[in-house]
Amino acid sequence: MQQGTLMRKVKSKSWKKQRYFKLQEDCMTIWYQSKRTGKTESAFSISDVETVREGHQSEVLQSVAEEFPPERCFTIVFYGRRGNLDLVAGSAEEAQCWVQGLRQLIEPRSFPLTFALVSCTWIRDWFQKADKNKDGRMNFKEVQRLLKMMNVDMNEDHALRLFQDADKSESGTLEGEEFVLFYKALTQREEVLSLFQEFSEDGKKLTLLELVDFLREEQLEDEGTEELAMELIDKYEPSETARARHVLSADGFLMYLCSLEGSIFNPQHRALWQDMSQPLCHYFISSSHNTYLIEDQIRGHSSIEGYIRALKRGCRCLEVDCWDGPNGEPMVYHGHTFTSKIPFREVVSTLGKTSWGNSFSPLPLMGMSPPSSHPQRELVMLTSNRARSQETRPMRRWVAQGASLSPTPQELKHKILLKGKKIGRLEDTLDGPGDEAPDVSDDDNGAEAEEERRRAKVKGTQHGSALQKDKETLAQALSDCVIYCKNVPFRGFQEARSHSRPSEISSLSEAKARKLIRDEGNEFVRHNAWQLTRIYPSGMRTDSSNYSPQEMWNVGCQIVALNFQTAGTEMDLCDGLFSQNGCCGYVLKPPFMRDEETLFNPNDPSSREGPGPITLTIQVISGQQLPKVANSKEGAIIDPLVRVEIYGVPADQAHQETKYIENNGFNPRWDETLQFQIHVPELALIRFVVEDYDKTSRNDFVGQFTLAFANIKPGYRHIHLLSKDGTSIPPSSLFVHIRITE
């Protein structure tokens, strides 16, 4: 028997053990065993793997970077909260073999293949769990137990009939492929078959013209419908004969509905589809708070993994708090707390490797610099070399033209922008030192203000004119790195309009922002039409909980910083908004929020110019293969219900839910219609939530999916559910019918 590939499994700088890794014959399972004992340690399914990272793209592998070259290292990242698997191959060729092989298995070339692979993998995973004696066969009692594990509560007589129909060998047991047949009979989609037959004259196929009728009447596809119908047949029809005749079978119809084109999310909006030549202040920017923390704010662990996860999630505004460290090296951690520390050099290295993987868009960094001269020198050197923030041509052009708005994401692509204190004026940075006295700005954050006073005290006790001059030079050099996001205190909208500039940014606590929204909603929207505003969580959120970002987006705040490490509704909204536009982390604000003279006030929806409210009608039809609740009792089956939540301006906030279906998480049918009136659809987000009903306590979370109203495709659509932390839970989905009317 082949032992597999010998690689090092790395848990820390001191824990590096050799293990044999092998892909099973089913191409769906990987096991690994100890080299010394030969005992199998663990196994995991390909369906559990979210992505594969090459090189030193984890905190663990960065700690052994001097020992192992990046071309031999890779990280397997799992869905959910399961820890990463960091591996070192024996050679670069071996590493590439595993990396490319795994990517081929987890990232198939087309969506229908993904759907087919996921379903097949899911079936076989359960089969292997239930096949206790590993003989590749299951009798009826084993199948019954397995159905319970799979969230299916079925009448015994019906289950037995399906079992006997699938037992082609008449052996009284089901082998692998026979179980797949049993599963397919079990999952017959009556609601989809009924829809298919409604448009099919003979009930067996959809001709090209019948498919065109369906696409126009139900899916509201109004351009190039015949070409689209041909594409769908070529892409999703499994029968070569049917493809040659330009017809779509019931299987092909289901494949289409479960595909990217059949999703509720407009596939055209997944790519970069918005204008990226507007000023920075005209975009919502995906932003994180204390990005380095992966736990709480007081004693939590600081890790470069926080930056990697945020960037992979589409975040484009990160926070880097630098403080004095041992031997003068700048360290990143949450000041005045007990959080752990990471070297600033590692953060910069990580940003250099991972910042541009998913997006070309500019990357603003929120930061605090250390008071001492050596760490400042390190910061200037590392920032200038790595961050490329000294690129000033767009801003030079902006100053020369006397423009009233900042440069655009298109002009600043592949640039890292530093937000921080600045000495003097922007013109001094661009044209050379000026005669003005230093103007070191402070922001609204009490902790940062206290730190600034501490720095002033430290500076006051130092002596020696040469040393002081050196420190001033370093401070100026660090200040010169701040070009597009000079940090200024917020002293009111009138003061900002009179004295502030588009290259400046103010930071507000969530409480102060809420007060301004309540008292001066329209002025807040106008302010954000020409200048950046950053919102950060209350200092009382020591557990890293989040505030609602929606109310901040309602007034056009661009940088709404959230704790990315904390799952929940707030992060679902963030993921829902930024899942569009190529996941670049930038979403263009609606036109009425980009006008400095706008009359819009989120507290008064009638102030929005344009058509009146629209009606969103959602028929919740069915669910498919919903997951069991975590840590539920053995044999427990969920009672699912669906709740639809609308987030937007206060007048649009609403939710409705279906009844619950008893003991059926496998293929529940609701067939219920929910209806909402939305006054400002440009700001609305729709969240679909599935819960396990409990009459004695709070319902348990099962899955969710959130998207911006602008990205909804009407018609018969599938909604592919996500877990609490935003990862896919294939093949769980909802089947709905969407209508939008004015």
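The values are calculated or read from the model by the stated rules, or taken from the named source; none is laboratory data. Note that the structure is predicted; figures quoted are calculated from it, not measured. Positions of Cβ are generated from backbone atoms using ideal geometry, with glycine treated the same way; all protein chains shown enter the neighbour counts. Each accessible area value is taken on the protein alone, full model and side chains, heavy atoms only, with ligands, DNA and RNA left out. Shrake-Rupley method; radii C 1.70, N 1.55, O 1.52, S 1.80 Å.
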Test: residue in segment 215-224 that is of a type in the set (Lys, Arg), farther than 17 Å from Phe140 by Cβ, modelled with pLDDT of 90 or more and not in a helix (DSSP H, G or I): no
Evaluation of Gln675 against (1) open to solvent by less than 20 Å² (accessible area, probe 1.4 Å); (2) closer than 24 Å to Glu742 by Cα; (3) not charged (D, E, K, R) (one fails), failing number: (1)
Some residue of segment 347-364 being touching an Asp or Glu at 6+ places or on another chain (Cβ under 7 Å) and either outside any loop (DSSP other than H, G, I, E, B) or modelled with pLDDT of 85 or more (or both): no
Restricting segment 483-509 to residues that are closer than 18 Å to Pro279 by Cα and among the hydroxyl-bearing types (Ser, Thr, Tyr), the residue that is farthest from the chain's Cα centre (by Cα): Ser500
Index of the failed condition, Asp428 passing every other in (1) farther than 30 Å from Trp356 by Cα; (2) modelled with pLDDT of 80 or more; (3) surrounded by 15 or more Cβ atoms within 10 Å (Cβ to Cβ): (2)
Subset tally (residues that are aliphatic (A, V, I, L, M), assigned to a loop (DSSP other than H, G, I, E, B) and either under 21 Å from the mean Cα position of the chain (by Cα) or buried (at least 24 other Cβ atoms within 10 Å of the Cβ) (or both)) for segment 279-306: 1
Filtered residues of segment 138-154 (kept if at pLDDT 85 or above and in a helix (DSSP H, G or I)): Phe140
Spans of strands (runs of 3 or more DSSP E) in segment 595-682 with at least 2 residues in contact with a His (Cβ under 8 Å, 6 or more places away or on another chain): 614-624, 640-647
Selected residue [out of contact with any His (no Cβ under 9 Å at 6 or more places or on another chain) and surrounded by 20 or more Cβ atoms within 10 Å (Cβ to Cβ)] from Lys184, Lys205: Lys205
Residue in segment 269-276 that is in contact (Cβ under 8 Å) with a residue 24 or more places away in the chain, surrounded by 24 or more Cβ atoms within 10 Å (Cβ to Cβ) and over 23 Å from Ile686 (Cα atoms) present: no
Matching residues, segment 65-96, being at pLDDT 90 or above and farther than 21 Å from Trp15 by Cα: Ala92, Glu93, Glu94, Gln96
Counted residues, segment 518-529 - those being open to solvent by less than 20 Å² (accessible area, probe 1.4 Å) and either in a loop (DSSP other than H, G, I, E, B) or farther than 14 Å from Asp595 by Cα (or both): 3
Any hit, segment 252-265, residues being open to solvent by 70 Å² or more (accessible area, probe 1.4 Å) and not β-branched (Val, Ile, Thr): no
Yes/no for Lys353 being among the basic types (Lys, Arg), in contact with a Ser or Thr (Cβ under 7 Å, 6 or more places away or on another chain) and open to solvent by 10 Å² or more (accessible area, probe 1.4 Å): no
Segment 225-243, residues that are outside any loop (DSSP other than H, G, I, E, B) and open to solvent by less than 80 Å² (accessible area, probe 1.4 Å): Thr225, Leu228, Ala229, Met230, Leu232, Ile233, Tyr236, Ala242, Arg243
Selected residue (criterion: most open to solvent (accessible area, probe 1.4 Å)) from residues of segment 187-199 that are under 17 Å from Gln219 (Cβ atoms) and touching a residue at least 40 places away in the same chain (Cβ under 8 Å): Glu191
Number of positions in segment 699-728 that are more than 14 Å from the chain's Cα centre (by Cα) and either open to solvent by less than 20 Å² (accessible area, probe 1.4 Å) or of a type outside the set (Phe, Trp, Tyr) (or both): 14
Residue in segment 558-577 that is over 19 Å from Tyr547 (Cα atoms) and either open to solvent by less than 10 Å² (accessible area, probe 1.4 Å) or not assigned by the TED database to the domain that holds His679 (or both) present: no
Any hit, segment 648-660, residues being farther than 30 Å from Pro605 by Cα and not assigned by the TED database to the domain that holds Arg145: yes
Only one of Cys322, Cys315 that is in contact with a Pro (Cβ under 7 Å, 6 or more places away or on another chain) and under 28 Å from Leu363 (Cβ atoms): Cys322
Check on Ser42, more than 28 Å from Ile342 (Cα to Cα) and at pLDDT below 85: yes
Qualifying position, being at pLDDT 75 or above and either touching a Cys at 6+ places or on another chain (Cβ under 9 Å) or assigned to a helix (DSSP H, G or I) (or both), among Asp125, Asp157: Asp157
Count of segment 481-517 residues which are of a type in the set (Ser, Thr, Tyr), without any contact (Cβ under 8 Å) to a residue 60 or more places away in the chain and open to solvent by less than 20 Å² (accessible area, probe 1.4 Å): 0
Only one of Ala496, Ala513 that is part of a helix (DSSP H, G or I) and either of a type in the set (Asp, Glu) or out of contact with any Cys (no Cβ under 9 Å at 6 or more places or on another chain) (or both): Ala496
Residue match in segment 592-611 (condition: among the aromatic types (Phe, Trp, Tyr) and over 30 Å from Pro502 (Cβ atoms)): no
